[in-house]
Structures are given as C-alpha cells and as structure tokens.
1. So if R0 is 35 Å, what FRET efficiency would Leu299 and Asp455 give, r being the distance between their Cβ atoms, rounded to the nearest 0.05?
2. Quote to one decimal, in nm, the extra length available between Asp211 and Leu51 on full extension: 0.36 nm per residue of separation minus the C-alpha distance between them.
3. Test of understanding: ordering Phe375, Phe229 by Cβ neighbours within 10 Å, fewest first, what list do you get?
4. With Kirkwood radius over Cα pairs in Å as the read-out, I listed [x] 24.3; [y] 22.8; [z] 23.5; which label goes with the value calculated from this structure?
5. Using a cut-off of 30 Å between alpha-carbon atoms, which lysines can reach Lys204, once sequence neighbours fewer than 8 places away in the same chain are excluded?
6. Can you give the relative contact order of segment 279-496 as a percent, counting alpha carbon pairs under 8 Å and 6+ residues apart?
7. Fewest to most neighbouring Cβ within 10 Å: what's the order for Asp280, Asp162, Asp211?
8. What distance in nm separates the two pseudo spin-label positions at Arg163 and Gln380, each 7 Å out from Cα along the beta-carbon direction?
Amino acid sequence: MFAFSSPVIDYHALAPELVLAGGICVVLLVDLFLPDHRRWITGTLSGLFLLGALLPVVTLAVLGDDVRSSLSGDGVTGRYVVDNFALVLKALFLLAGYVVVLLSAHEIEEGGYYQGEYYVLLLSSVLGMVMMASSRDLVSMFVALEFLSIPAYMMAAWKKRDRKSNEAGVKYYLLGVFASAVMLYGMSLLYGVAGSTLLTDVGKAVTLEGDRAGVQVLGVVFVIIGFAFKVSAVPFHTWAPDTYEGAPTPVTAFLSVASKAAGFVGLVLLVFLAFPQARDVYRPFLWVMAALTMTIGNLVALKQKNIVRMLAYSSVSQGGFILMPLAMAFTGDAQEASLRAVVVYLIIYAATNLGAFAVIIAVSRKTRSGEISSFGGLFQYAPGLTVLMTIFLASLAGIPPLGGWYAKFGAFKAVLDAAGGWGYSIAIVGAVNAVIATAYYITVMREMWMKPVPDGDVSPIKVHGSIQAALVICGVSTLVLGVLPGLIAKVGAITDLAGSLP
C-alpha cells in the first residue's frame, strides 16, 4: 500500500503569485464589459495588481523566515522555495512590470490596439518571471520559462498592421521554440543521469565522471544554450535586434530588462545548484560567450543609426558583462561575490535601461522617428529629457557617480577576486569593451547637446503623466544607486540562495 499525503501550502509565501493570477482573471473579465473609451482602466488595474503583489514580497522579507518552502510534503519539499534571493528578484520583476505599464498607457491606447489582452499577457509574463525566481526544479523552471516567453512572443507582434512587428514576433517565436526544444532535451538528459529533477539532486549526480560523462556534458551544454537564447548571448542573439526594433517600444523595454533578467535567474540557479561540479564545462563555455557577447554587441552597436537597434545591441553587450562574473562562479567567497555582482547588475541595469526607453517613447511621439539623428538639438526644446537621457546613457557606459559604474565595478571585482588566468583575461576583455561602448553612448549625447534640430521645430514635448512617473522612478533609482551604493550592497548581501550554495 502506498500512502499519499496532501502537500502543505504556505499561502503567505505564494501570495505574490496568487495576486498576479487573480489580477490576470480580473483584468480579462473587466475588459469584456468596458466601453472603448474606458479601456485605460485595464492598465490602471494591472499597475495596482503589480503593486499589490509587491506587498507580500515586502512582508515576507521583513517578517518571513530565511527559507520557506511554498509547497511542502512528500516529493515536493524544496522544489518551489521563497528565500532572500527569490524575494529580491521578485521585487525586481514586479517593479519593472509596473514601469512597463506606465510606459504602455498612452502608447497602447493611442495605437488602436487591444488593451485588455495586452495587459493580460504582460501580467502573465511577469507571473512566469516571479515563478522562475522560486523554482528549484527542472520542471518548474521550464514551465516558468514558457509561461514568461509565450506571452512575450505575442506582445512582440502586437502591432499587427506593421510588417516589422509581425516579423519581430515570428522570428522571436521560431527561434524561441527551437531554443526551448534544445533546452528541454538537455533537461531530459540530466534527468536520465540524476533520476530526479530537483536541482540539488542534479548537482550531486553531474560529476563529469564515469561512463555517463559524455551525456552529462551534452545535458549541461544544451540547457545553458536554452537560457543563453533568452539572455541574447552571442551567438544566440540574432533575434534581438529585429525583435526590439519591430515590437512596440514598451514591449522592447520589457524584453530588454525583465525577460533578460529572468533568463539570467535561470542561469544562476543552474550554475550554482545544478552544475557545481561541472565547472570544467560551463566555465570555458560561459567565458567564451561573455567575451563574444561583449565584443560583438559593442562593435555592431557602433554602426547603428536607429536608436532602438543601438540599444538592442547595447543590451546584448550588457548581457556579456553580466555573464562575466557568472563564468567565474567557483566555490566559497568567489561564488558569493559572483552572485552578488550578477543580482546588483540586473537591478541597476533595469532602472537605467527602462529610463532610456521612457525618454525614447517621449521623444518619438514628437519626432515620429527612431533614428539617432532625430535626437539632434533635443536640449533646445526638451532640456529635462536631455539631462535624463544623458544620465541613463552615462550610467550604461559605467561613468561615476551613476548606478552603472557600481554595477560594472562589482562585475570586475568579482572576476579579479577569482584570480587566475581566466579571471584576469576576461577582465581585460571587459575593460576594452567598456571603452568601446562609451563611444556610441557619447554619439547620442553629442546629437542631443551639440547638433541642430533636424526639422527646425523647437516646440516643447508634452510628456504624459505616466511617462513622467516612469522617468522619476528610473532617474532617481539610477542616481541613488550610484551615489549611495551602500543601499544596493545591502540588498546584494542577502542574495545568497539561502545557504543552498554547495
């Protein structure tokens, strides 16, 4: 006789997911009964539910235990965990989603597109990201990844009457499905080796020894490839520029920040929990990807004339800087430093990049162009936007005292502390690329501050309240995290995967 017991559910730990799930249902139902002139209510509701989901994250951080299994019982304990690492990332995803809602308000409304469905898909994708942060099992990780990816495929093609948007969605979908298939095959190999899908069990079984060493290597490589696509790492980045350019600008901001961060969360969990004994495989693989991603992303960005494509390749390059400390994640102090560097970089990059896209949305509403040249003379008629864009670009370049400098400082410190030829060589590659990246960021600054207005129209730009709120959130965050890095250092100090490091 087999005895089965029902799992014990911790509803407080699952509250963020439950609030988002409820929000998806409410927004979908409310949209059915709203007249066309009140469709904006769905965006307001979406923002409220995202902030509502953030409340239990805060209470869990303040009142919760160090580690909480949302589901406990025979066979499920430890597969979905709420720890400090998960809480920090959940807060990041929810806040990034809220800023994207602010960016979307007038863009989606004035575009004549379906608003209710858009926000349902956005909330669904954020729910997948929140699930990814707590997943400690190959199955739950795959489900979370598909949950966040499938809505994103549709959002990328939201401008259905635009040929570029259709191309963006199709390309993103086809390559995404291929990457998911490769990753799922790798996960099946790992399951065959470990006899379990729990990440810690996989970590004990993948030792690269014995007659199954070849299968283990193949499984590790295939799974990493699947997540490398999600973070647009070279050579799995080809979807990013066309998708970013063709998708609605708020969706592009969402993909470049939240979706990329979710992919990195998956990579972090795999490297730290599933592959602790497979560093001889993932270290050279991630090292090469980091070097190629930084270099190719920067070199191609130098040639771009469209600012969204430039930021797309900039996003590729920034992903290389985040991969840099991850490639050096060995045991002991190096692991903790690498983990902290990755999480801190993701937080600062999210604030900075979302702010840059907020400025692009505000300016393009007047210029009706995405060309870098359309930013010529911006200071003459929009000095506030010019100053903010300068702050965001300088932060992406890593110029003190803005947030980006601290993010890059943490990444370089992590690889240098790891020491050895691997660490020093990737630090040199990163330093060279940091200089190259500054060139195309300064090109945009020069257009804004020193070039004439292309069409001579210096009428002021009307910035809607939602965009202003997004700019304030991102601008203040970028400044504060650079001037007072101790604040983000304290956040990074608790991201230790709750003692799960081997």
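Quick note: the coordinates plus some simple rules give every number you see, no bench work behind them. The shown structure was predicted, so the numbers you read here are calculated from the model rather than taken from an experiment. Because the Cβ atoms are built from the backbone with ideal geometry, glycine has one as well, and the counts that use them run over all protein chains shown.
1. 0.65
2. That works out to 52.5 nm of additional length.
3. By the 10 Å Cβ count, ascending, the order reads Phe229, Phe375.
4. Label [y] holds the value from this structure.
5. Lys90, Lys230, Lys260, Lys413
6. With pairs under 8 Å counted, the relative contact order is 29 percent.
7. Lowest to highest Cβ neighbour count: Asp211, Asp280, Asp162.
8. 3.4
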